[in-house]
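Structure, as structure tokens:
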Amino acid sequence: MSAPSMTLYHNTLSPFVRKVVVLLHETGQQDRVALQDCTLSPVSPSAELNADNPLGKIPALRLADGNVIHDSRVILEYLDQQHVGNTLIPREGAARWRRLTLASMADGIMDASVLVRYELALRAPEKHWEEWLDAQRDKIRRALNVLENEAIAELTSHFDVAAISVACALGYLDLRFPDLGWRTANPQLANWFFEVSQRPSMIATMPKP
Ligand code: BEZ
């Protein structure tokens, strides 16, 4: 086994980082990337990360030539072009746009969830903006509803960029909002998530609070 040639700014709690690490496992590339732990929040940034990604966001991936790429979508696309197995992001055609759109829906669930998490965890309760929180939760509910009613067969068909992204979004909901009860309204999604959670890539990337 050779030394890793790339370095990933990493935090086990980030669903965006988890997508990248799941893809590394699914494509057999985990030994190529060293994980550099990075603890941060919007109000306690990492100076080292900021130097590599001015947006101060993870994941960011330092390549073998020293260049740094971000965000998670770009990193997934890059890494999916670095292995010889089946691609996890279709390179062209209708399938590409459909699978990326499902992945985008999952990313939107993560975006809204992380924003709610930060508002609740970082701001004083008397400053919470309840209407805004409700609007973020509505986005999550609507997206879950669409995945439940329109996308289960597609998610079940293969564990690619779309399925990885949805699985990481649901994992984050369980991590930060265990009382949300998303399974009640989305039983098919719940069954699907139970199944994919048994995959070695999902087990290896379980968030560790
Ligand atoms: C979290 O603690 O919920 C979190 C950490 C890093 C990125 C996103 C979320």
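The values are calculated or read from the model by the stated rules, or taken from the named source; none is laboratory data. All values derive from a computational prediction rather than experimental measurement. Methodologically, a virtual Cβ is constructed for each residue, glycine included, from the backbone with ideal geometry; neighbour enumeration extends over all protein chains shown. The area values use the complete protein model at the heavy-atom level, side chains included, leaving out ligands, DNA and RNA. Shrake-Rupley method; radii C 1.70, N 1.55, O 1.52, S 1.80 Å.
Taking 37 °C and 0.692 mPa s as the conditions, I'd like the Stokes-Einstein D for the chain in µm²/s, using the Kirkwood hydrodynamic radius from alpha carbon pairs. Could the numbers behind the result be given before it?
On the way: Rh = 17.8 Å.
This corresponds to a translational diffusion coefficient of 185 µm²/s.
Where in the stretch 95-194 are there trypsin sites (Lys or Arg not before Pro) that are in a DSSP coil and have at most 15 other Cβ atoms within 10 angstrom of their Cβ? Each step should come with its number before you reach the end.
Numbers: sites: Arg96, Arg98, Arg99, Arg117, Arg123, Lys127, Arg137, Lys139, Arg141, Arg142, Arg176, Arg183; in loops: Arg123.
Qualifying residues, ordered by number: Arg123.
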Next on the checklist: Report, in listed order, any pair from Lys19/Lys139; Lys19/Lys208; Lys19/Lys127 with a Cα-Cα distance greater than 22 Å.
Outcome noted: Lys19/Lys127
Item to check | Nitroxide proxy distance, nm - points 7 Å out along Cα→Cβ at Thr184 and Leu13 | outcome: 2.7 nm
Next on the checklist: Between Leu133, Leu24, Leu102, where does the largest GNM mean-square fluctuation fall for the chain, given springs only between Cα atoms within less than 10 Å?
Outcome noted: Leu133
Checklist entry - If you roll a 1.4 Å probe over the chain with all protein chains in place, what percent of the accessible area is carbon or sulfur? => result 54 percent
Next on the checklist: Could you check the spin-label model distance between Ala3 and Glu150? Points 7 Å from the Cα along Cα→Cβ, value in nm.
Outcome noted: 4.9 nm
Checklist outcome for this item: Summing -39500 (n - 2.57) over every DSSP H run of at least 4 residues in the chain and dividing by its residue count gives a helix-only mean residue ellipticity at 222 nm, to the nearest 500 deg cm²/dmol, of -17500 deg cm²/dmol
Item to check | Mean accessible surface per residue for the stretch 93-204, computed with a 1.4 Å probe while every protein chain stays in place, in Å² | outcome: 51 Å²
Checklist outcome for this item: For the stretch 90-97, in residue order, the Karplus 3J(HN,Hα) values (coefficients 6.51, -1.76, 1.60; θ = phi - 60°; whole Hz; Gly and Pro = x) are x, 6, 7, x, 4, 4, 4, 5
Checklist entry - If the cut-off is 15 Å between C-alpha atoms, which aspartates and glutamates fall inside it for Lys57, apart from same-chain ones fewer than 8 positions away? => result Asp37, Glu48, Asp71, Asp107, Asp111
Next on the checklist: If I model a spin label as a point 7 Å beyond the Cα along the Cα-Cβ vector, how far apart are those points for Ser197 and Glu130 in nm?
Outcome noted: 3.1 nm
Checklist entry - Cα centroid distance between the stretch 112-174 and the stretch 1-52, in Å? => result 22 Å
